[in-house]
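In what follows, a single structure is set out as structure tokens and then discussed.
Each value in this text was obtained by applying a stated rule to the coordinates, not by laboratory testing. Just so it is clear, the model here is predicted, and its values are computed rather than measured. Cβ: placed from backbone, ideal geometry, glycine included. Neighbour counts: every protein chain shown.
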Amino acid sequence: MAPSRRWTGWRWLLPALGLWLQSLALPVPAQTPSAPAAPDTAAAIARFEAGQDAHQAGQLTAALRLYDEALALDDTLAPIHFQRGMALLALRRTAEAVTAFERCVALQPDFLRGWLQLGAAALAANNTVQAERAYATVLQLAPDHLEARLHLARLALGRQKPEAALEVLAPLGTSAVPPEVNVLRGQALLLAGQTEAAIKAFSQALAGQSNHPEARRGRGDAYAVQGQMEAAVADWQVAYASTPHAELAANIVSALYRLDRPEAARVFLEAARKQFPQDAQLATLASSLEGEAAVVAAATLLRAGRFAEAAAAYAPLVAQNPEAIAPRAGLATALFKLDRFAEAARHFVLLSQQQPEVAATYFFLGVCYDKMGDYRQALAAYEAFLARADGVHHQLEIEKVHLRLPSLRRQAEQSKPRKP
């Protein structure tokens, strides 16, 4: 941790305090056993100085003990509460740090650094309401304070209040400002649905710092909203190279697949999984993309007329994900082409239950039943097909069914119902 900034405003305190006490010329009442002891400011300052030495040396526990001893002698000195809060914050004892900074600013309400650190401690304790109040007080004391204004903008964005964030940032203008200002402005504009304005703000931030990771990611997000995936990926990859995040990696992989760059997506995903091996989102994405690749490979076999190989490729995919439409449709088609009509029919039945509006399923189901000699079910399937068929897209199949129906009806009437 960085050494604590040493408090140096004490040298005037003791003589001034002595003169002030002498000027009062008031009688000192006799001390009774129940009366509180008078503050021993000189001893408190000595303990405080020793505490600062320990603090600067990185001995936080020792520093905290000395600050506590100083406050036991005189707890009215705001700087001691401040330094104690800094030590507690460094020790991640955030709730106690908040209390220390509260006491500090109660004793010295115009102490800017006290309010700033109260805001930081409140944020560390996940108390955003108190943090917002603290930073707002800083702006009341110093309206041009940049750090407090940026914190307030971030807090407004965290509350999903982009308009409030833009209002806080407005006095800073758009030119000659640090990149963080335009990054926050871009995030607020994007959240408000003003995508073009957001891209402009992020670009202004990048004009000052070309590889700013938040600006690159924000502009990439805005491009993605517009459907400009090439531009989005370009910005996201620059952001990722600087500040890797698992969520950003998932965005890049998905975008590369959308851009029909599966090999680039596979390579990027493989590297990201090595960097974030425990990330559930990347693991799910990898599993999903592996499944998609397997479906594509099986479909290639089907289109090539290699029906037995296609059926063998589709079967485990259907077993792994019974609700997925594409693998089951591919398996049903491959089985149909192999004249394995009973097996194909079972899959066509399930497909008709999953997507009852798809006419072609009923046509192939009808053919399967017809080939199996189950004429009653074939007739029902053909009639379901005709009820859904499109005269433009299914013209040939409609003609085939109409040619088959007269004889099929006779066969259905003569046949006995099949046992279910």
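Laid out as a table, the results:
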read-out: Extended-chain gain in nm, criterion 0.36 nm per residue less alpha-carbon gap, THR76 and ALA46; value: 9.3 nm
read-out: Cα centre as origin, Lys/Arg/Asp/Glu Cβ charges: the range 42-142 dipole, Debye; value: 240
read-out: 5 Å binning of all Cα-Cα separations within the range 340-413, expressed as whole percents from 0 upward; value: 3, 19, 30, 24, 18, 6, 0
read-out: The range 194-256 shape via C-alpha gyration tensor axes, a/c threshold 1.5; value: oblate
read-out: Length added when fully stretched, VAL267-ALA164, from 0.36 nm per residue minus Cα-Cα; value: 32.9 nm
read-out: Simple label model, 7 Å out from Cα along Cβ direction - GLN278 to LEU112, nm; value: 4.2
read-out: Pair VAL296, THR243: separation of 7 Å Cα→Cβ label points (nm); value: 3.2
read-out: Residues with amide H under 5 Å from that of PHE111, placed H, sequence gap 5 or more; value: none
read-out: Per-selection metrics, the range 244-329 (Cα): Rg and Dmax in Å; value: 14.6, 44
read-out: Taking the range 329-379 and dividing mean pair separation by its residue count, relative contact order in percent (alpha carbons under 8 Å, at least six apart); value: 31
read-out: Cβ-based net charge around PRO213, under 14 Å, with every Lys or Arg adding one and every Asp or Glu removing one; value: -2
read-out: Mean Cα-pair separation over length for the chain, i.e. relative contact order, pairs under 8 Å, 6 or more apart, %; value: 5
read-out: Gyration tensor over alpha-carbon atoms, the chain, equivalent ellipsoid semi-axes in Å; value: 77, 24, 20
read-out: Fully extended contour minus Cα-Cα distance, from SER287 to SER407, at 0.36 nm per residue; value: 38.3 nm
read-out: 15 Å beta-carbon shell around PRO179, net charge (K/R +1, D/E -1); value: +3
read-out: Residues in the range 337-369 reached by a label modelled at ALA315 [backbone nitrogen below 17 Å; 7 Å Cα→Cβ]; value: 337-348
read-out: Mean Cβ neighbour count within 10 Å, used as a protection proxy, ranking 106-114, 287-295 highest first; value: 106-114, 287-295
read-out: Peptides 330-338, 133-141, 382-390, 170-178 ordered by average Cβ neighbours within 10 Å, highest first; value: 330-338, 133-141, 382-390, 170-178
read-out: Rough spin-label spacing in nm, given labels placed 7 Å along Cα→Cβ, for ASP53 and GLN395; value: 10.0
read-out: Euclidean distance between Cα centres, the range 149-171 to the range 203-278, Å; value: 25
